[in-house]
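The values are calculated or read from the model by the stated rules, or taken from the named source; none is laboratory data. All values derive from a computational prediction rather than experimental measurement. As a convention, Cβ positions derive from the backbone with ideal geometry for all residues, glycine included, and neighbour counts pool all protein chains shown. Quick note on the areas: whole protein, heavy atoms, side chains included, nothing else; ligands and nucleic acids left out. Shrake-Rupley method; radii C 1.70, N 1.55, O 1.52, S 1.80 Å.
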Amino acid sequence: MKCGIKPNYIGWTYEWYKDSVKLQSSDRHTVNGNTLTIRRVKPDEGSYECKGHINGRSVSTEPASVSLTVKDLQPKPELRSDSAGAALTGNTVTLTCNTTLTTGWDFYWYKNTLDSEIKTTETNSYSMKIDSVSDGGQYWCRAGRGEPVYYTQNSDELTLSVTVSPKAVVTVRPDKHVFRGETVTLRS
């Protein structure tokens, strides 16, 4: 967490509090100026506050507070495709990585192996034009945020089957040469 105080004068010092108890640097918390780093986050909740002081003066800001909720498990997204059955070449397929996450996440897309990232998007959907049968395969997604990136679990595998679009063939009966007044049947 970072504490930003305006105006940004040189000489601010900062204090960090969790649930009104002053935090010191420890094996779990690093207090470094206006930045608080929490390692090995545990599944608990807390209210974190930052207070700033100007050296040599008795000026203090109002505490800025943020609530942090830590969940036990990484969320697992669900991957879906808008194509019912096999996708056809020439069409566009949209994959959606459904999660319960709020904004601020990027979405990572994989094909055939979890080592082969094919795309990163800022939204939970990925649209692709199906050019050939080779666009079929196994797909996965996951979400991530931060630096270094914190990832969700991988979605379950989704198999996308691609079929070549059939070409329409029109036949004329009785044949191509007809006489005025005859009945012609066109079939595809």
### Task
Would you please list the contacts, defined by Cβ atoms under 7 Å and residues six or more apart or on different chains, that run from a residue in the stretch 117-132 that is open to solvent by less than 70 Å² (accessible area, probe 1.4 Å) to a residue that is in a loop (DSSP other than H, G, I, E, B)?
N124/T99; I130/T89; I130/G90; I130/N91; S132/T89
### Query
Does V66 fit the bill of being in a strand (DSSP E or B), at pLDDT below 70 and open to solvent by less than 90 Å² (accessible area, probe 1.4 Å)?
yes
### Task
State whether one or more residues within the stretch 77-84 are at pLDDT below 80 and open to solvent by less than 50 Å² (accessible area, probe 1.4 Å).
no
## Note on the structure
If we ask which residues in the stretch 83-135 are of a type in the set (A, V, I, L, M), closer than 15 Å to V164 by Cα and assigned to a strand (DSSP E or B), their number turns out to be 3
### Query
Looking at the stretch 12-32, which of its residues are in a loop (DSSP other than H, G, I, E, B) and within 31 Å of the chain's Cα centre (by Cα)?
D27, R28
